[in-house]
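The values are calculated or read from the model by the stated rules, or taken from the named source; none is laboratory data. Model, not experiment: these values are computed from the prediction. Cβ placement follows ideal geometry from the backbone for every residue including glycine, while neighbour counts extend to all protein chains displayed.
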Amino acid sequence: MKPVAIIGGGITGLTAAFRLQQRGIPAVLFEAADRVGGVIQTVREGGYLAECGPNTILETSPLIGELVAALGLEERRIDTSDSAENRYIVRNNRPVKLPASPLGFFASPLFSCRAKARLLAEPFIRRAPADEEESLAKFVRRRIGREFLDFAINPFVAGVYAGSPETLSVREAFPKLHALEQRYGSLILGQLLGARERKRSGSVSKQNAPKFSFDHGLATLTTALGQRLKEQIRTGQAIREITRRDNAWSLGQAEDFSAVLLALPAFRLAELQLTCDSNRVSLSELGGIQYAPVASVVLGFRREDVAHPLDGFGALNPEVEQLNSLGTIFSSSLFPGRAPLGQVLLTSYIGGLRAPQLVTKNPDEICELVMEDLRIVLGVKGEPTYRHVFVHRRAIPQYDVGFGRFKAFMNETEQRAGGLFFAGHCRDGVSLTDSIVSGRKAAEKIAHNLKMEIE
């Protein structure tokens, strides 16, 4: 059997290659950089552990636990501490704990009495037509009001997409939210009734899903995958052309492949030269997917220099608060071993579509902008004992209104070019969990396709 070519050595490509290996299907993974792992990169220095990209894995699918077990990483897994369940939203320049229960919601100072009363009307709001595509902002204003948009949804979107509720599509970016309204006519009723379906399917809501990492950070996962796939990985090889001829695929080299999986960001997909049976197929359409730029700023402090108890996951900054950064994760509160004794570690994010120009500043300027916020919000004083700045010029794809056309384009291209497959964050969701599940499902799809060809 000819091997499968996987282009892109991020978590999606690695997961797909590993699953094919488990199925006994040969695969070769091509990565342009000199390392695999993509945005997952862990830096360990001076007793600190800094994540340059994602900080946690959200276990919303049983496939995540299966991958960890298959790699023999169960004993190295670390779940977040109980105190990390607290989440803060900044209002009037101070962090306010996000309520975790209905009773806590009505007692919380985060929302006004008017906003709380407005929420009670949500079950009586008529659902939108099924074929109407709304922005997330329009959807939220219609169903639960402006204040929830400003102090709940806006900061949440900044934390997930580094994007804007005004442009994100509720159907594409938050399909479960859209489905709740369409099926139950109410978000509140849907959340209550949908719990039964999640239990039957084995899935877990993001709110209740376990969050975890590993003793040496998230790079533990990609390193383990890389070790298992060592003989199949080719780094430093940027693939620019893909050709199908006589039911075989080539990548501008002598070797032929049975199928090709594209696990690349959209802007890289758009650059590929694809030819199927002498017909050129342009992927330039995918260059229209917008990406938000983000800088990750990891700072260490003496514990006594931070006034806030840091008893939670982190704090998100609503846009209306007019702060520089999008929010801060309390990294050393989530997991042990992230900072030396007597120190704390904070990971802040800056830029996004809210202020894309900020990521173009030099590291000293970016750190100072974050420090301004930390002094106000968390009562930080003194100077950092550690710092690490990592800039992602094109970090997170934006599932904006109209994004469906890009997914339709990828589906149509797969149909036209039999044996070609797409997977990853520009198609199947932007979270780390989404990318892992995308890679696993792509591998299963390829395996099924090859079996059908043989039969």
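Screening GLY382 on (1) in contact with a Phe, Trp or Tyr (Cβ under 8 Å, 6 or more places away or on another chain); (2) surrounded by 15 or more Cβ atoms within 10 Å (Cβ to Cβ) shows it passes everything except condition (2). For PHE111, the stated conditions do not hold, so it cannot be described as modelled with pLDDT under 95, over 15 Å from PHE214 (Cα atoms) and either touching a Cys at 6+ places or on another chain (Cβ under 8 Å) or aromatic (Phe, Trp, Tyr) (or both).
VAL68 - would you say it is more than 29 Å from ALA152 (Cα to Cα), outside the structural domain of TRP249 (by TED's automatic domain parsing) and not in a strand (DSSP E or B)? Answer is yes for this residue. Test of understanding: among PHE421, PHE390, PHE406, which residue is aromatic (Phe, Trp, Tyr), part of a helix (DSSP H, G or I) and within 24 Å of the chain's Cα centre (by Cα)? Every option except PHE406 fails the conditions. VAL28 satisfies every condition listed in (1) touching a residue at least 40 places away in the same chain (Cβ under 8 Å); (2) surrounded by fewer than 17 Cβ atoms within 10 Å (Cβ to Cβ); (3) farther than 29 Å from TYR399 by Cα except (2). Just wondering, is there one or more residues in the range 82-95 that are assigned to a loop (DSSP other than H, G, I, E, B), at pLDDT 95 or above and within 25 Å of VAL377 (Cβ to Cβ)? Taking every residue of the range 82-95 in turn, at least one turns out to be assigned to a loop (DSSP other than H, G, I, E, B), at pLDDT 95 or above and within 25 Å of VAL377 (Cβ to Cβ). Taken over the range 120-141, residues that are free of Cβ contacts under 8 Å to residues at least 60 places away in the same chain and either crowded, with 16+ Cβ neighbours inside 10 Å or not in a helix (DSSP H, G or I) (or both) amount to 14.
Annotation note: of PHE267, PHE335, the sole residue that is in the same structural domain as ARG240 (by TED's automatic domain parsing), aromatic (Phe, Trp, Tyr) and in contact (Cβ under 8 Å) with a residue 24 or more places away in the chain is PHE267. The residues listed here are ASP305, ASP277; of these, the one that is exposed (fewer than 15 other Cβ atoms within 10 Å of the Cβ) and either among the charged types (D, E, K, R) or touching a residue at least 12 places away in the same chain (Cβ under 8 Å) (or both) is ASP277.
Would you confirm, using the coordinates I've provided, whether ARG44 is surrounded by fewer than 15 Cβ atoms within 10 Å (Cβ to Cβ) and farther than 21 Å from ALA209 by Cα? Spelling it out, ARG44 is indeed surrounded by fewer than 15 Cβ atoms within 10 Å (Cβ to Cβ) and farther than 21 Å from ALA209 by Cα. The set of residues in the range 414-455 being of a type in the set (S, T, N, Q) and either surrounded by fewer than 18 Cβ atoms within 10 Å (Cβ to Cβ) or within 20 Å of LEU251 (Cα to Cα) (or both) consists of GLN415, ASN449.
Conditions (1) small (Gly, Ala, Ser); (2) closer than 23 Å to PHE151 by Cβ; (3) surrounded by fewer than 20 Cβ atoms within 10 Å (Cβ to Cβ); (4) touching a residue at least 24 places away in the same chain (Cβ under 8 Å), marked per residue:
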position	(1), (2), (3), (4)
GLU51	no, no, no, yes
PRO54	no, no, yes, yes
ILE57	no, no, no, yes
PRO62	no, no, yes, yes
THR80	no, no, yes, yes
ILE89	no, yes, no, yes
SER101	yes, yes, yes, no
PHE111	no, yes, no, yes
